[in-house]
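**Q** Let me give you the structure first, and then I'll get to my questions.
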Amino acid sequence: MLIIMQPLADESSVNKVIEFIEKRGFAAHVSKGETHTVIGAVGNNVIDPRDIELLDGVSEVIKITTDYKLTSRTFKENDTVIEVNGVKFGGDNVGMIAGPCSVESYEQVEKTAQQLSEKNIKILRGGAFKPRTSPYAFQGLGEEGLKILRSVADNFGMAITSEIIDLSQINLFKKYVDIFQVGARNMYNYNLLKELGKIDKPILLKRGMSARIVELLLSAEYILSGGNRQVILCERGIRTFEKITRNTLDLSAIPVIKKLSHLPIIVDPSHGTGLRDKVAPMAKASVAAGCDGLIIEVHYDPDTALCDGAQSLTPKEFGYLYDDLNKIAPIVNKKIN
Ligand code: PEP
Ligand code: MN
């Protein structure tokens with residue numbers, strides 16, 4: 001932390017600031033310029049910078065260290081690569097996840113999974129517990145949905161990811177899923193994140209719809225600091241003033257996160273745009289921007305989908321997209337898997 005004193009701040013206020021930070025476990029390094037005195041506070045304790053800003057003679061406090069330590073590139077220089085069912089996320093890999101928004105029936109998942117496996121997709125998505133904005137909308141099939149997803153996936157040699165919406169579901173999910181998905185609405189559910197830090201399966205952590213990138217990294221830090229180092233971050237669009245698309249897909253989050261963190265960052269262009277015809281262009285742009293994976297909603301018959309049909313691709317559309325992605329990836333030294 002750098003504490004910049006007001007021009008010509010007197011000796012006694014400088015000393016009071018030094019005393020204040022030393023009492024809280026920081027070492028003070030003072031540098032006196034012609035007009036400004038700057039105090040470097042070095043230490044690992046957590047301190048609210050505003051408490052220092054309120055002291056006499058202080059002009060500004062600049063934090064130079066981050067609270068997302070284990071998540072940061074400073075802590076780990078090389079990309080973390082997470083592998084599930086032979087599919088890698090991170091490094092020079094773009095891992096693919098596809099499937100319906102929600103599990104509706106055995107037939108629906110089976111028909112979709114069959115066509116996806118023809119395109120070599122090895123991780124199937126599908127919500128069993130749906131966090132819907134309206135309490136009257138389809139809420140998912142619950143455990144029955146997880147059973148369907150597991151059973152279909154096993155038949156096709158696929159792994160699965162599904163969204164956990166509550167702490168009480170951890171043991172249930174352990175029985176069925178390979179990747180625990182934490183949705184945008186739960187990115188701030190710190191009790192859930194802490195518990196997910198204790199399990200030994202990968203976590204797909206989505207960015208909250210109004211979350212800053214640093215907040216996403218801090219949520220990941222909750223999981224990593226609990227001992228689970230397998231976190232896949234996901235950009236899924238944020239809420240802005242724009243209404244044409246469901247969310248504004250923040251693709252700049254890819255290079256920003258890749259610089260700040262070693263964790264893989266994947267993109268969900270389905271929720272990111274909310275419109276089927278916008279999914280392929282944004283998926284391609286994501287790969288071009290260096291994402292480490294994609295999660296895409298695909299339904300064998302989107303017009304009949306109980307949830308998010310408007311943003312779901314048909315298997316045929318997905319197939320064309322998959323072929324295009326395979327052409328784009330090598331240009332940015334990545335491979336689709
Ligand atoms: C989903 O993946 O189906 C979902 C609900 O996504 P999000 O949490 O990003 O809204
Ligand atoms: Mn959805």
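**Q** Please compute the net charge surrounding Ser13, taking Lys and Arg as +1 and Asp and Glu as -1 over other residues with Cβ under 11 Å from its Cβ.
**A** -3
**Q** Which GluC sites (Glu not before Pro) in segment 204-274 pass both tests, a DSSP loop state and at most 15 other beta-carbon atoms within 10 Å?
**A** Taking segment 204-274 and a limit of 15 other Cβ atoms within 10 Å, the loop GluC sites (Glu not before Pro) found are Glu242.
**Q** Let me make sure I get this right: for the chain, a, b and c are the square roots of the gyration tensor eigenvalues over alpha carbons, sorted descending. Under 1.5 in a/c it's rounded, otherwise prolate if a/b > b/c, else oblate. Which is it?
**A** prolate
**Q** Here's another thing I want to ask about it. Taking all protein chains together and a probe of 1.4 Å, list Phe75, Phe138, Phe180, Phe241 from the most accessible to the least accessible.
**A** If we order Phe75, Phe138, Phe180, Phe241 from most to least accessible, we get Phe241, Phe75, Phe138, Phe180.
**Q** At 1.4 Å probe size, what's the solvent-accessible area of Glu144? Round to the nearest 10 Å².
**A** 100
**Q** List the chymotrypsin sites (Phe, Trp or Tyr not before Pro) within segment 247-322 that DSSP assigns to loop and that have no more than 14 neighbouring Cβ atoms inside 10 Å.
**A** none
**Q** Looking only at Thr314, Thr37, Thr133, which one moves most when the chain is put into a Gaussian network model with springs between Cα atoms under 10 Å?
**A** Thr37
**Q** Find the accessible area per residue for the chain; the probe is 1.4 Å, ligands and nucleic acids are left out, and the unit is Å².
**A** Solvent-accessible surface per residue comes out at 45 Å².
**Q** Would you check the accessible area of Glu11, probe 1.4 Å, heavy atoms only, in square angstrom rounded to 10?
**A** 110
**Q** Pulled fully out, how much extra length does the chain show between Asn44 and Glu215, if you take 0.36 nm times their separation in residues and subtract their Cα-Cα distance?
**A** 59.6 nm
**Q** Give, in nm to one decimal, the length gained when the segment between Val332 and Arg24 is fully stretched (0.36 nm per residue of separation minus the Cα-Cα distance).
**A** 106.2 nm
**Q** For the chain, what is the calculated [θ] at 222 nm in deg cm²/dmol (nearest 500), taking -39500 (n - 2.57) for each run of four or more DSSP H residues and dividing by its residue count?
**A** -10000 deg cm²/dmol, from helical runs alone.
**Q** Would you calculate the separation in nanometres between label points at Lys63 and Asn78, each defined as 7 Å from the Cα along the Cα-to-beta-carbon direction?
**A** For Lys63 paired with Asn78, the spin-label model returns 3.1 nm.
**Q** Structure shown: which of Lys259/Lys327; Lys122/Lys198; Lys258/Lys334 lie over 18 Å apart, alpha-carbon to alpha-carbon?
**A** From the list (Lys259/Lys327; Lys122/Lys198; Lys258/Lys334), the Cα-Cα distance tops 18 Å for Lys259/Lys327; Lys122/Lys198.
**Q** Taking all protein chains in place and a 1.4 Å probe, what share, in percent, of the accessible surface of the chain do carbon and sulfur account for?
**A** Accessible surface attributable to carbon and sulfur in the chain totals 52 percent.
**Q** With label points built 7 Å along Cα→Cβ from the Cα atoms of Lys198 and Lys175, find their separation and express it in nm.
**A** About 1.9 nm separates the two model spin labels.
**Q** Let me ask something else. Once the whole set of protein chains is in place, how much accessible area is left on Ile82, using a 1.4 Å probe, in Å² to the nearest 10?
**A** Its accessible surface works out to 0 Å², give or take rounding.
**Q** Under a 10 Å cutoff between Cα atoms, tell me which one of Gly91, Gly272, Gly25 has the largest fluctuation in the Gaussian network model of the chain.
**A** Among Gly91, Gly272, Gly25, the largest mean-square fluctuation in the Gaussian network model of the chain belongs to Gly25.
**Q** Could you tell me whether segment 33-83 comes out rounded, prolate or oblate from its Cα gyration tensor? Rule is a ≥ b ≥ c as square roots of the eigenvalues, rounded for a/c under 1.5, then prolate if a/b exceeds b/c, otherwise oblate.
**A** Note, shape of segment 33-83 comes out prolate.
The values are calculated or read from the model by the stated rules, or taken from the named source; none is laboratory data. On a predicted model such as this, the values are computed, not experimentally measured, just so you know. Note that we place each Cβ from the backbone using ideal geometry, even for glycine, and neighbour counts take in every protein chain shown. These area figures cover heavy atoms from the full protein model, side chains too; ligands, DNA and RNA do not enter into them. Shrake-Rupley method; radii C 1.70, N 1.55, O 1.52, S 1.80 Å.
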